[in-house]
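I have placed the structure first, in the form of C-alpha cells, so that the comments after it can refer back to it.
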Amino acid sequence: MTPDQIEGAVAAGMPQAVEDLRRLVAIPSVAFPGHPEEPVYAAAALTEALLRDAGLPEVRQIPVEGSFPAVYGEAPAPPGAPTVLLYAHYDVQPAGDPALWKTPPFDPTLIDGELYGRGAADDKSGVISHVAALRAFEGRFPVGIKVIIEGQEEYAGERLEAFVERNPELLRADAIVVADTGNQRLGDPAVTTSLRGMGAFTIEVRSLHESVHSGQFGGVAPDALAALIRMLAALHDDNGDIRVPGLPRGAFLGTGPLEEDFRASAGVLDGVALVGSGSIADRLWASYAITVTGVDAPSVAHAINAVQPGARARVTVRVPPAGDPRLTVQAVCDYLRQVAPWGVQVSFSDEIYGTGFLADAGGRARAALNKAMEHAYGRTPRDIGAGGSIPLVSTLVKQFPAAEILLFGAEDDNASIHAPNERLNLEELRRTATAEALFLQRYAATALR
C-alpha cells in the first residue's frame, strides 16, 4: 500500500472507529477499589472483540494476578519483518462529581468535532487508534503485531509489570508503541521521550480518642485536622518549591510549553501565579512534584462544632525519570514525621509506585515514526516530556533493552484527562491512527532493506 492508500483506508474507517469509541466510553470501566467490577470486565470483552475485528488472528484475555485481565492479540511477522508491540489501557479514572460535567461522563457526546466522556482520551483513544490503524491493512500486516491492552493502569500498582517479567517472550518485540500520551497542541505532532515516575500514599494523623466540643476543649485539645494542614503546607515554600531534603529541581533538555499556552491548558485563573522555579519544562517533566489529591475530613455541609480526633490525606509524588519512587516516598514521609506538631500520631498506608522513563536518541523505528508523523501531520514531530507516569514502560525497558519504545497518541493538553469534561478531538484521532499505520509500513520497509 502507498502512504496515500493507507491514509485513505484510515479515513474510510473513521465512522466505525468513532462508533467503537462511543461504545467503549459508555462503559464505566473504573478499576479502583470500591467501584463495580462488572463494567471493567465488560470493557475487556469489548476490547477483545475490537482487536479480533481489526484482523488479528489470535486474541484472548489474559488473567493478571491481583488485577483485571489484560487483552492480548497477535499476528505473525512476514518473513524478515520486525515485530511491533502496541500498548494501551481500557480502564479509566473515576468520573468525580457529575455536576462538574457539561455532559454525563459515561454518555459519550459529540460536540463540535470532540467526543466528551470519561476515558475518551485517556486511554480509550489509544485502544481505538490501534484498532483503526490495524484495520487499514485488512489483516495483511507488514510487520508482526503484538497488542497488550491493560485493565488497571489508572489505579497504578505494578501488577501487569510482574506478569511481563514472568512472561517476557509473550511481549518480546523490536519496537513498542505506547499510545497513552499525546501532543501539546492539536495538529502539532510530538513524541514523548521522558516520563516522570510516581509514588502515592495515604497519611493519617490522630490526636484524640474521639472528637470533643470545640467550645469546651478548643484552644487546648490538639486538632488533628489542623495538624495535618500544617504538615501538608510545610511540603512547599511560599514560592511553591518543594522543601523536602534530597528532592532537587531538574532540567529538561528540550523545549517546553509557553507560559500562556500552559495557563490556558491548565485553566489558571487571571491573576493567579504559577508555582515553583525554573522553566515550565523543567518543572513539568524533570523535577519532583507533590500534590495532595484528597482529604478525609468533615464536609462543610456536615460540620459540627468539634475538635477533630483524626484526619487523612492522599498524597501523590511525581518523580523525575532518574529518581527512585520508593526512596522519594520515604523521604517525603520522613519529612512529614519531622514537621508533625504537638506529638500527634502519624501513620502511612496504601503506598503505590511507578518508575519513570527516558528514551534513547532513537534508531530505525524512531526514524520511521518521524516520516510517518510528517506525512500525517504535515510537520516533523518534536520531542516532549510528560509529567504523568506509565508504570509498564520502565518494565518494558528492563525486559527488552534492544527495543525502541515510542510514546505518542491522540490526547492533547486540552483534553482534560483525569478531570471533568474529558474529551477527544476526532481529527486528532484520525491523524494519530494514520501516523501509526504509516509507521508500521515504513518500519517494515526500513527493516527489510
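The values are calculated or read from the model by the stated rules, or taken from the named source; none is laboratory data. These figures come from a predicted structure and were not determined experimentally. Neighbour counts run over all protein chains shown; Cβ positions are idealised from the backbone, glycine included.
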Practice item. Would you point out the residue of segment 265-293, among those that are free of Cβ contacts under 8 Å to residues at least 60 places away in the same chain and assigned to a helix (DSSP H, G or I), that is surrounded by the fewest Cβ atoms within 10 Å (Cβ to Cβ)? Key: Ala266
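Which of the following residues is free of Cβ contacts under 8 Å to residues at least 40 places away in the same chain and more than 21 Å from the chain's Cα centre (by Cα): Pro76, Pro98, Pro142?
Going through Pro76, Pro98, Pro142 in turn, just one is free of Cβ contacts under 8 Å to residues at least 40 places away in the same chain and more than 21 Å from the chain's Cα centre (by Cα): Pro98.
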Revision key, fill the gap. When (1) modelled with pLDDT of 95 or more; (2) of a type in the set (Gly, Ala, Ser); (3) surrounded by fewer than 23 Cβ atoms within 10 Å (Cβ to Cβ) are applied to Gly34, the one that fails is (1)
**Study point:** Residue check, Asp296 among the acidic types (Asp, Glu), under 25 Å from Val212 (Cα atoms) and out of contact with any His (no Cβ under 7 Å at 6 or more places or on another chain)
**Key:** yes
**Study point:** Check on Gly267, touching a strand residue (DSSP E or B) at 6+ places or on another chain (Cβ under 9 Å), modelled with pLDDT under 95 and not assigned by TED's automatic domain parsing to the domain that holds Thr328
**Key:** no
Review point. Of Leu407, Leu426, which residue is surrounded by fewer than 21 Cβ atoms within 10 Å (Cβ to Cβ), aliphatic (A, V, I, L, M) and touching a strand residue (DSSP E or B) at 6+ places or on another chain (Cβ under 7 Å)?
Key: Leu426
Review point. In this structure, is Ala45 surrounded by fewer than 16 Cβ atoms within 10 Å (Cβ to Cβ) and not in a loop (DSSP other than H, G, I, E, B)?
Key: yes
Point to revise | Test for Val397: is it surrounded by 16 or more Cβ atoms within 10 Å (Cβ to Cβ) and farther than 25 Å from Ser129 by Cα | key: no
Exercise for review: Would you check which residues across segment 204-244 are in contact (Cβ under 8 Å) with a residue 24 or more places away in the chain, part of a loop (DSSP other than H, G, I, E, B) and within 33 Å of the chain's Cα centre (by Cα) and list them?
Suggested key: Ala234, Leu235, Asn239, Gly240, Asp241, Arg243, Val244
Practice item. Test Gln61 against the stated conditions and say whether it is under 21 Å from the mean Cα position of the chain (by Cα) and either outside the structural domain of Phe439 (by TED's automatic domain parsing) or closer than 30 Å to Gln399 by Cβ (or both). Key: no
Practice item. Check every one of the strands (runs of 3 or more DSSP E) wholly within segment 318-426 and list those with 3 or more residues that are modelled with pLDDT of 95 or more and over 23 Å from the mean Cα position of the chain (by Cα). Key: 345-354
Review point. Using beta carbons and a limit of 6 Å, which pairs, at least six apart or on different chains, have the first residue in segment 2-14 and farther than 11 Å from Arg430 by Cβ and of a type outside the set (Val, Ile, Thr) and the second one modelled with pLDDT of 95 or more and in a helix (DSSP H, G or I)?
Key: Pro3/His375; Pro3/Leu438
Check your understanding: Is there any pair linking a residue in segment 301-318 that is β-branched (Val, Ile, Thr) to one that is surrounded by 23 or more Cβ atoms within 10 Å (Cβ to Cβ) and assigned to a loop (DSSP other than H, G, I, E, B), with Cβ under 6 Å and at least six apart or on different chains, and which?
Key -> Val307/Asp223
